[in-house]
Each structure stands twice: as C-alpha cells, then as structure tokens.
Amino acid sequence: MSSSMDNFIVSARKYRPATFNTVVGQAHITNTLKNAIKTDHLAQAFLFCGPRGVGKTTCARILAKTINCTNRSESIEACDKCESCESFNSGASLNVSELDAASNNSVDDIRNLVDQVRYAPQLGTHKVYIIDEVHMLSNQAFNAFLKTLEEPPKHAIFILATTEKHKIIPTILSRCQIFDFNRIQIEDIANHLAFIANSEHIVAEKDALHIIAQKADGALRDACSIFDQIVSFAGNNLTYKDVIDNLNILDYDYYFKVTDAILNENISTALLLFNEILNNGFDGHNFVAGMGDHFRNLLVSKDPETLQLLEVGTNIRDKYKDQSGKCSLSVLIKGLTILNKTDINYKSSKNHRLQVELSLMQLCSLNSIGNEAEKKNDLSQQIKPPVAQKTTSVSTSSPVIKPIAEIAITSQPSNIDKNVSLIDKNVSLVDVSTVVKKPFIKTATISIHQHLNSEKKTDKPLEEKTEQHFSTQPKSSFSQLELEAAWDKYANELKEKGKTNLSTSLLSKRPVLKDEMIIEFPINNKAIEESINEEKMPFLGFLRKELNNYSIQLNLVLSAIDDKTNLYTATDRYKRLVEKNPAINKFRQRFDLDVEF
C-alpha cells in the first residue's frame, strides 16, 4: 500500500504537456515559437506573462528542449530520443538552468547567473536560463541583469516568466519579446480533464468536468488539483452531485427552480427556496451573483448566434434552452437590472436577507407589472369617444346604452378625484342623448384638460383651496420669542445642510410677528428675496409645525437702505464710477481698454 502511495503523481505533473502540440489553449504562442525555431529567428530574451496555471513555465521548458533537439520533426517537435532530449527528460541536462526569483532575488544571485552565462554548452547549441516569478527581483538585481540581458553570448537564451508584468521595470521589458498567455477556456479544460479521466480509467460525467473547469477560473493546474481532490472523495465514478457536494457549489437546479417560481409569480416558493439555500450554508451574496449569471445565460440562450457564449455542459445547456423559451426578453433584462442593483447594494445593507428577499419579490412581480401596463395601453387604444350627434333626442326604439361614466363610477368609486366633476350635475346618468352629446371617458389619471376644466368649474384658485385645507388645522397662539427660536432653529439646520448664504441671510435680521398669524421679514435686495422664496414652502411648513399654527403667513418686505450697503453688479459699479468721474471712461477709450464684468 505504501509503494502505491509513493508512486502516485498528481495529475498536473503526470499529464504536464511535453510538446508544443499538447499545450492546452495557447495555440497563438506555441505556433509563434515553432515558426521562430523553424526560421531560426529566435530572440535572446523572452518574457512570458499571464495568470497562474496557464502554461508559462511549461512552454519555457518545451522551448528549451526543442531548441537543443538534434532530430526535430517536420512539425518542429522534439524527438524525445536523442541524447539532449533524454538528458532533459531525466532532469540531467546542463543546457537548461531554472532560477526561482522569489527566493533568489538579490544582486549576488544575479551575479552568479551572469557568471554561468559565459560558458558555452558542451552538448547542443544553446543554453537556456528560465527565471520564474521574475517580478520578485529587487531593483538592484534588475539593474545588474540589464547589460547581460541586452548583449548576451550567442549561445544564451533567457526566458522570464511572471504573473505580474506591471511590476517589471520598463528597461527589462524593452529588451524582451513579450508573450501574453490567455486564461484557458472552460471547454478546453473540460476536454483535457476528460482525457486524464480516460487515461486513469475514471468514469466522469461531462457536467461534472464542466463544473471543475468553471471553478478553476482559467487555470489548468488548478483544475487538475480539483480533479484529484474529487477523485479522492468519490472514487473512480465521478458524478455531478459529487462535484457540487465536495466543492460546496450551489446546484444549477436551484437557479432553475427559483426562475420557475419567478415566471409563475409564486413569491412563497421563491422565498422558501432561498431559505433552503441559506440553510445549506450558502451565502446570500453568492446566490444573487449566481442568479445574475443564470439570467445572463437565459438571455444568451434565446439567440442561436450567442449560444456559443454559454460555457456549460450539454445537459445543462438543453435546460437553458427550454427555460429561455418561457422567458420574455423584457423580463430577463428587467430581472438583470434588479439583480445587479441587489449585488451592488448587498454589502451596504444591514439586513442582507431582506435585501435578497425583496429582489425576489420584485422579480416575481415582473410579469404582472408588464401585463398591467399592456392592458392599460390596450384599453386606451380601444376606448374612443363616441361620435357627437346633431339631434338632442333619441328614438324610443333605440337600445338603451349604459354611459361610460356610469361604468367608471360603479366599478372604481375610490379612484374618483373629489375635485373633478365627472359629469354635469344637471345631466341624468340614464339620459342617453345628453351623454352622447357630451361624452366622458374615465382614464387612469386626470388629464391636464380635465384638471383645468375642474378649476374653472370650482372657480377657486389653488391658494384658496390650500387655505381651506389649513382652516381645519390647529391655530395655537405663539410669542415673538417662540417665533425667533423656531426661526433660528431652521436657519441652523440650513447651515448644516450646506446652505450657508441663506442661513446667514435669515439670521442677519429678526422676523416681526404681526396680527398673530402674519410674519414679516425685512430684506435688503432681490437676490435674498429669490433665495428665500425658493425655500419658502418647506420653511413655512416647518414654522407651522413647530409653532402649531397652520394659518401662519410669511411676507418679505424690501426695506430702503443706504447706497453704501446696497449690492451692485460689476456693471452698476462701473457706471456709478463714470458718473462721479467721467475721466475714467475717457481714459478707457483712449487706451482701448476692456472692462471685465
């Protein structure tokens, strides 16, 4: 048993690519390197950049091996049979030197490397120096490396690998050919895992491998590590259920069930499913993000051209196709908007659960809101005013038509505005001839025309209606001191809100109480009057509430003041100067000067 454990090699090492053709998902780089070897246009310094686990060091080793192979194939691949390839495969090659810059990042380490570069290879044509995590070198080490990197011996090739290109100084970047490695596509990772599973005689479901590929986030090495972990958990039969249980991933089925509840407008089912998800130990924020991805996938599934953007297994892809057919485009777009807002506001919310539940309730109401809007549009198109008749009488043989106004009154009495007269008081509801002559259509909201007509009928301005409303409110008496206290309180609140100028204007003078209800406030100029009028309604409401008297009125009195304290514009000041001293204007005209107003 111990010998089998000693012989075990993790999949990332056991199935590490050994040739350019076996590198996964980096064809744009491997093809370029093969052409460079074929045409003998190899640079003396390469920089391989990209996230972890995408094949930077692997490609560097394959390049080093292929360069020194004495019997390369027509497809520019190492033969694995010559002396150089065999020594490389056994780890005994003197032509390849690897340096980990994370632990060897000093000037002395670079000097030792530079000293080795001078010696020519005993076997093969090139000596290759692979420096991994090169961004970890210190600035002094980088500077010590510059001269050698710019003018190395003909037999030396440097391959630098890094996950953080932005940390490398520009003088190093300018001396290297830069290759950017991509994150490996989910489909490519899943296919590679299927190859490993087949080689290891493991039965694995495609959906399970897709979940592993998604969890790896574009890193093939991470995918292989997860694969080994789940094989240790589940044995040689790898199922979708094993993967989601072991990796603690929210099952796709939950998202499909929640979406079905949303389409059926079943709020209780959606909330119960969310409660079950929380009880299983999943985070609400992850659920919201997953629902956003689910709605995005449904949107992608509606168009065959965008279906290729769906990176899931075959069975789950079919489920997305079926459910996307039940969803309208507007529901999906509105749903994505709601989920995006929830995702943004989640961290700032104090009640995370309520935040998610509220979004679920909004999602379940999308269809009903859309249907109500469509019904309103259809109703407004179908209802048209009847054609006016010239005659004022109707034959007794004509059928009695129930007026539209009567239907509106009997069906929705609560929605009728008291200030709007639906029909003339002198007209009977059953008088068909009069209704036809003067039709009325009940709409969801009062039109401007109806509102203006209602004001004409009542012949009462808005201010008079407001006063009638306040006439029923309290009218407690108050003193000048109480008025000044409430006045100062509001002015200080304005100052806290950043309205310093208005606050200063209110505090500069004292209000005067007259006739127990009228407050007069002296002002110096029109500018102060305009600023106070903009704030008048909330200010007056505050005073009425604070003093418990809803009949208070505020009058602004423009007081006569000295010219010294009056506020003038720049133009006014210039004109007054010219009036006092006309020579100023002559001076300006003589030297052709402009006045800045």
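Derivation of every value follows stated rules applied to the coordinates shown; laboratory data play no part. Model, not experiment: these values are computed from the prediction. Here the Cβ is made from the backbone with ideal geometry for all residues, glycine too, and neighbour counts use every protein chain on show.
Taking segment 155-233, how much of its Cα-Cα pair set, in percent, is spaced more than 18 angstrom apart? Across segment 155-233, Cα pairs with separations above 18 Å total 52 percent. Were the residues from Asp572 through Asn21 laid out at 0.36 nm apart, the gain over their Cα-Cα distance would be 189.9 nm. Computed over all pairs of different Cα atoms, the Kirkwood value for the hydrodynamic radius of segment 480-558 is 12.6 Å.
Report the calculated FRET efficiency for Gln229 and Thr500 (r = Cβ-Cβ distance, R0 = 41 Å), to the nearest 0.05. Step by step, r from the Cβ atoms, then E = 0.05. Dividing the mean sequence gap of close Cα pairs (under 8 Å, 6+ apart) by how many residues segment 186-335 holds gives a relative contact order of 21 percent. The calculated FRET efficiency for the pair Asn585 and Ala485, based on their C-beta separation and a Förster distance of 41 Å, comes to about 0.20. For segment 186-247, the relative contact order comes to 38 percent (Cα pairs under 8 Å, sequence separation of at least 6). Among the GluC sites (Glu not before Pro) found in segment 33-88, those both in a DSSP coil and sparsely packed, with 14 or fewer other Cβ atoms within 10 Å of their Cβ, are Glu74. The simple Förster model, with R0 at 30 Å and r as the Cβ-Cβ distance, assigns Arg183 and Glu305 a FRET efficiency of 0.80. Tally the DSSP beta bridges in segment 480-558 and give the antiparallel ones as a percent, rounded to 5. Just about 35 percent of them are antiparallel. A simple spin-label model places pseudo-atoms 7 Å from Cα toward Cβ; at Asn237 and Lys81 they are separated by 4.4 nm. Once you keep just the Cα pairs under 8 angstrom separated by 6 or more residues, what percentage relative contact order results for segment 8-180? Reported relative contact order: 29 percent. Amide H contacts for Ala45 (H built 1.01 Å from N in the peptide plane; partners 5 or more residues away or on another chain; cut-off under 5 Å): Phe158, Gln177. A viscosity of 1.567 mPa s and a temperature of 4 °C, combined with the Kirkwood radius over Cα pairs in Stokes-Einstein, give a translational diffusion coefficient for segment 208-270 of 99 µm²/s.
With one equal scatterer per alpha carbon and no solvent term, the Debye-computed log10 I(q)/I(0) for segment 275-332 at 0.26, 0.30 1/Å reads -1.01, -1.15.
The stretch between Ala289 and Ala527 holds 80.5 nm of extra length on full extension. This uses 0.36 nm per residue minus the Cα-Cα distance.
What pairs from Lys257/Lys302; Lys215/Lys341; Lys509/Lys536; Lys14/Lys65 go past 21 Å between their alpha carbons? Over 21 Å Cα-Cα: Lys215/Lys341.
Of the GluC sites (Glu not before Pro) found in segment 209-313, those in coil by DSSP whose Cβ has at most 11 other Cβ atoms within 10 Å are Glu305.
The percentage of C-alpha pairs in segment 252-370 whose separation is greater than 20 Å is 39%. Here the simple spin-label model places points 7 Å from the Cα toward Cβ, and for Ser138 and Asn340 these points are separated by 4.8 nm.
Remark: Leu193, Leu481 ranked as Leu481, Leu193, counting other beta-carbon atoms within 10 Å and listing the fewest first. Label-to-label distance, Lys165 versus Leu556, with points set 7 angstrom from Cα along the beta-carbon direction: 6.2 nm. In plain terms, the C-alpha convex hull of segment 134-192 casts an average shadow of 5.6 nm² when viewed from every direction.
Annotation: extensible slack from Asp322 through Arg13 equals 107.2 nm (criterion: 0.36 nm per residue apart, minus Cα-Cα distance).
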